[in-house]
Structure formats: structure tokens, C-alpha cells
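In what follows, a structure is listed as C-alpha cells, so that the remarks can point back to it.
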Amino acid sequence: MTIHALLYAAAALYAAAFILHLAGKGRSSFAVLCSGFAVHTAYQVSRAWITGMFIPNGMFDGVFLLPWGMALAVVLLRLFSDRGTAWESAAAPLFLFALFALAYPKGLIPPTPNKLTVWANVFFLTEATGQACFYLAAWFAAAGIVTKRISTNYHSLIVWGFVLYSIAQVTGAIWAYLGWATTFRWGSRHLQSAVIWCYFAAYLHLRFLPSWGAREKSWYASAGFVVVAMNSFGSHLNEMGFPRIGG
Amino acid sequence: MKRLLDVIGDLRIAFWLLLAVAAIMWIGSLFAANDYALFNSLNGVRVQDWFASKGLTAIGSTWWIPGLFFAFTLLGVNTAACTARRVMALWPRRREMPAKRFAVLLSPSIIHLLFIGMLSGHLLSFTALTQERAPVSEGAVLNLAGTGEFTVKSVRHDFFDGASLLADRIRQSTVEIAVMKGGVETTVPVKFLRSVSVNGALLQLDMEKKKKSGKPIVQNPADENCNKEHNYHYAKLLEETRPQLFIVATRDPGLFVLIPGFVLVILVMGWYFYQIGFGRDGKTQPNG
């Protein structure tokens, strides 16, 4: 049995959490989701030894970190945010991203010397958790539209996502400076990362434009799902073709 | 004056400009993904020089770059006007409220000022940067980007643990250079991620691979991407190629604005969002 069995187990638990949510068993759904998060955490940590030696980069591969970040956010929301929202319904997108991770090459792209820095690790951690917040916000905004119960319960997720994503922009820039002497590289990865930041920076300004009501804001937040996906999955798909080891 | 600031600093304009910038960058990212080599050649050179030499000849793929600079300029002007308007409204009220409350209200304006600083720093980097590179070999005497002469004393590669799956791959390279400081020769190591400043220029390492004959390898355009791990796989390289270290010297006046600005903007933004409960209670204040 390889360590990747843990990822399969986590995905199965996320699926079970969503089924329990559909069955109206909120507490059980949350308990199973917490179990999935614990197993997923064990998987992320064990990825550090995927090459036979400790390389932290393995823990911070965005495709695997994204559903982990979403699970973490749902657990925190359930524990510390309002009880009126069925936060565990997010097990659905969580399971979908876990499925994508299952289909993704699981090895580690051999790190070049410029990637062996804590700045790279913090960049990938904050980028993935920031994106996780944006995806969840989109999910809850869309849920409000579909159920015709528009609320702003997703707003703090976007604020958290924006802060985390801003930290990712800064740590990424510092990493680029240390490794390549410039804080910005002209390439699709950097440009698309900036697209996501600008989109949600614009969202933060919506609160002060009276013509944008709660319904319009919900649509905007929901569209964020497509914006984040379009500006992150290109590089994920591109990196599928990169040589990997330990997969 | 106030009327002018109201018009130029309108938040609706800020919103649509942010979306316009996002749209232009997204279009640009498609071109950049389609022609990695062309846009990678823009890194390390001044944008105006690159555009004159390469950008104009490939205008079908590069037209969005002037558009991006124009949109960012408009956004900078809008942000400045919006910030000035807000500070002018807020400043007379500073004695009517506790200092902390005033600081919270002022924070978005400070963040926006820092954002303008970031835009200016990037503009400075893009237009005033100087970068030169040269291959490294023991005994070579180099003079790059105004560093003055320095001599390469030694070149050493450290590898990952031989028992791991990363065996035969370079973990770190060290180039010892001798520089003259105050009339005294000093030996300093340059490593990946551990750059050295010499006469205001930043010295860093880069790696490429060459054929054993010394000729450069012409890469298939379809295989060109940002993943350079193959350059560090020694065993594979030794079959037909050899690694070639480069020293890269960079002078970038924008860094003096960007690096402190990055730290400050995160600190102020983090403090501000903490104070308003990360938007939990909808207590955000008008920006600008």
C-alpha cells in the first residue's frame, strides 16, 4: 500500500460527508468530513517523504493542497461561524477537487535549487488556501441563488481568501526576487495569478456601489469559481506533463 | 478641485478598471502560454527595449502589453484621486474619535497608497532594470552590470542524498568569487537563493545545459516551459550534455520600493482586516 491510499480514503470520506448532508444528517456529515480532513492531513504530511528523503515541497503541491484547504475552511466555519448555514454542503465541491487530485500525477516535480526555500512553501500554501476560500465562497453564493435564499454568508470567505491570496502574491514576489532577481516574471502563471487577485479586489469595492444589490453580488461571487478555475487549471493541466518522481 | 477628484476617483471607475486590468492580463496569459520563449525573453530586459526589438515584430501577440500599462496608469490615477478624496474627508475629523478608530478608518487609504507605490515600483523595474549574464568557469574574470571586475575562484555542486529518488540531481551550487573591497581582495560565495550584492548589483546563479561540444542546445519550442528540472539532473546530462552555470547580475531600482512595500502592505492589510473581523460583521469601510 502506498501513501496515496490515504488520498483515496480522504476522497471517499468527503463523498460520504456529502451523502450524509443530503440525507439531512448534519452532525454525522460534519464528523465524517472532519475524519476526511484528518486523513487528508496525514496524506499531505507524508508527501514530504515521497522521494525517500524529507523535501517539504511535496506537502505543498497545489492540486492536493486545494481540497485540503477547503476541508480546513469548512471545519473552521462550522466551529467558529454562524450555525444557521449548512457549511458541510461544501463536501460536494471538496469531493470534486479530491477526484481531480486522484486523477492527477501524484509524484513530485524534482525541485531545482531555486525551489528549496520556505518562501516557495508559504507561497503555495497561501495560494491554495486562498483559492479554497474563493471556491467555497462561490459555492455558498451559488447555493443562495439556487435556493432563493440570498445571504452574504460567503463574504468573510472572500475577505479571508483575499488576505491569503495577497500574502501569496507577496511571498511569491519575494521568492522570485531571491531566485530570479525580479519580483514579477512575464509568463502565464504570474499573469493569471494577478487576474484572480484583481477580480476579488474588484469584489471588495462592490460593497460601496449601491447599484450592486445582494443578488448581483452573489452572482459575481459565484462567477469567481469560473475565474479561479480558468486561471489556475491551465497551469495544473500544463504541469501534468512534467516529469515526476515518487508518484 | 473636489469636483475633479470626485469624478476621477469614482469607485465605479475603480471597479471597472480592475476588471479591465484582469481581462487584459487574462488575454495576455493566453499569448504567454502559447509562446513561452517570446515572453520569457522579456524577463530581465527593459520593456521598452524589448518591445522595440521583439514586441513590434510580433505585435499580433504583444499588443496587449501597452494596453496593460495604459490600464494600470488609469487605475493608479483613479486610486490616487480616490485616496486623496477620502483622506481630505477624514483628516478634519481626526480629533472627533479615538486614535485607534481613526487609524482603522485611515488604513484603507494607506493600503491604497502602498498599492500606488507597488505600481510605481513595478513600472520602475520594468523600465529601468539592467541585467547581464555570463557563463561561469574557474579562473574567469567577469565584469557585469557595473560590478567591476571579479574572478571566479571555484565552482562546486552538491547533490541530493544518493539513496533518495533525487540522486544525481543538483541540490545546490556554490561559486566562489574574489571581489575587491576597499583595496582588499575578498572571497564570497554565490549560491542559488543566496545572492551577493557587489557595487549595487545583485549576483545570482542560473543553470542551462550545453552539448558536450560546448554548443548550446536548441530546444523544441513545444518543449519550452518554466520547468527547468532537467538542467539539474546530472546523470542524464552527462550522457550527452553538461551543465553550465551562469552568473546573472541585476540592477533593479524598483526593488527598493517593492520589497519594503510588500512587507508594509501585508502588515497594514492584515491589521485592518483583523480590526473589522475579516468582514464577518460587514463592518468594512469605504476604500480610497
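The values are calculated or read from the model by the stated rules, or taken from the named source; none is laboratory data. Since this is a predicted model, take the numbers as computed values, not measurements. When we count neighbours, we look across all protein chains shown, and the Cβ atoms used for this are built from the backbone with ideal geometry, even at glycine.
Figures for the structure shown
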item: Test: A:Ala181 is among the hydrophobic types (A, V, I, L, M, F, W, C) and touching a strand residue (DSSP E or B) at 6+ places or on another chain (Cβ under 6 Å); result: yes
item: Filter result for A:Gly24 (within 14 Å of another protein chain (Cβ to nearest Cβ) and outside any helix (DSSP H, G or I)); result: no
item: Residue check for A:Leu209: at the interface with chain B (Cβ under 8 Å from one of its Cβ atoms), in a loop (DSSP other than H, G, I, E, B) and not aromatic (Phe, Trp, Tyr); result: yes
item: Filter result for A:Arg149 (at pLDDT below 95 and either facing chain B (nearest Cβ under 7 Å) or under 24 Å from B:Phe72 (Cβ atoms) (or both)); result: no
item: Test: residue in region A:51-74 that is more than 24 Å from A:Trp160 (Cβ to Cβ), more than 19 Å from the chain's Cα centre (by Cα) and buried (at least 18 other Cβ atoms within 10 Å of the Cβ); result: yes
item: Total residues in region A:153-191, condition more than 7 Å from chain B (Cβ to nearest Cβ) and either of a type in the set (S, T, N, Q) or under 19 Å from the mean Cα position of the chain (by Cα) (or both); result: 13
item: Residues located in region A:59-75, provided they are modelled with pLDDT of 95 or more and either of a type in the set (A, V, I, L, M) or more than 12 Å from A:Leu7 (Cβ to Cβ) (or both); result: A:Met59, A:Phe60, A:Val63, A:Leu65, A:Leu66, A:Gly69, A:Met70, A:Ala71, A:Leu72, A:Ala73, A:Val74, A:Val75
item: Options A:Val63, A:Val74, A:Val32: the member that is in contact (Cβ under 8 Å) with a residue 12 or more places away in the chain, touching a helix residue (DSSP H, G or I) at 6+ places or on another chain (Cβ under 7 Å) and closer than 24 Å to A:Thr152 by Cα; result: A:Val74
item: Failed item in (1) over 22 Å from the mean Cα position of the chain (by Cα); (2) surrounded by fewer than 17 Cβ atoms within 10 Å (Cβ to Cβ); (3) of a type in the set (A, V, I, L, M); (4) farther than 30 Å from B:Arg133 by Cα, with B:Ile27 passing the rest; result: (1)
item: Within region B:6-30, considering residues that are facing another protein chain (nearest Cβ under 8 Å) and in contact (Cβ under 8 Å) with a residue 24 or more places away in the chain, the one nearest to A:Pro210 (Cα to Cα); result: B:Leu11
item: Residue tally, condition farther than 17 Å from A:Trp197 by Cβ and either assigned by TED's automatic domain parsing to the domain that holds B:Pro189 or touching a residue at least 60 places away in the same chain (Cβ under 8 Å) (or both), over region B:103-136; result: 20
item: Failed criterion for B:Leu90 (all others in (1) over 18 Å from the mean Cα position of the chain (by Cα); (2) within 14 Å of chain A (Cβ to nearest Cβ) hold); result: (2)
item: Number of positions in region B:121-167 that are at the interface with chain A (Cβ under 10 Å from one of its Cβ atoms) and closer than 15 Å to B:Val190 by Cα; result: 2
item: Identity of the residue in region B:31-46, surrounded by fewer than 23 Cβ atoms within 10 Å (Cβ to Cβ) and facing another protein chain (nearest Cβ under 8 Å), that ends up farthest from A:Gly234 (Cα to Cα); result: B:Gly44
item: Per-region count, region A:145-164, residues surrounded by fewer than 23 Cβ atoms within 10 Å (Cβ to Cβ) and not polar (S, T, N, Q); result: 8
item: Residue match in region B:242-258 (condition: modelled with pLDDT under 90 and either touching a helix residue (DSSP H, G or I) at 6+ places or on another chain (Cβ under 8 Å) or farther than 28 Å from B:Arg46 by Cβ (or both)); result: yes
item: Number of positions in region A:35-53 that are touching a helix residue (DSSP H, G or I) at 6+ places or on another chain (Cβ under 7 Å), outside any helix (DSSP H, G or I) and without any contact (Cβ under 8 Å) to a residue 24 or more places away in the chain; result: 0
item: Residues being free of Cβ contacts under 8 Å to residues at least 12 places away in the same chain and either outside any helix (DSSP H, G or I) or in contact with a Gly (Cβ under 8 Å, 6 or more places away or on another chain) (or both) - total across region A:2-11; result: 1
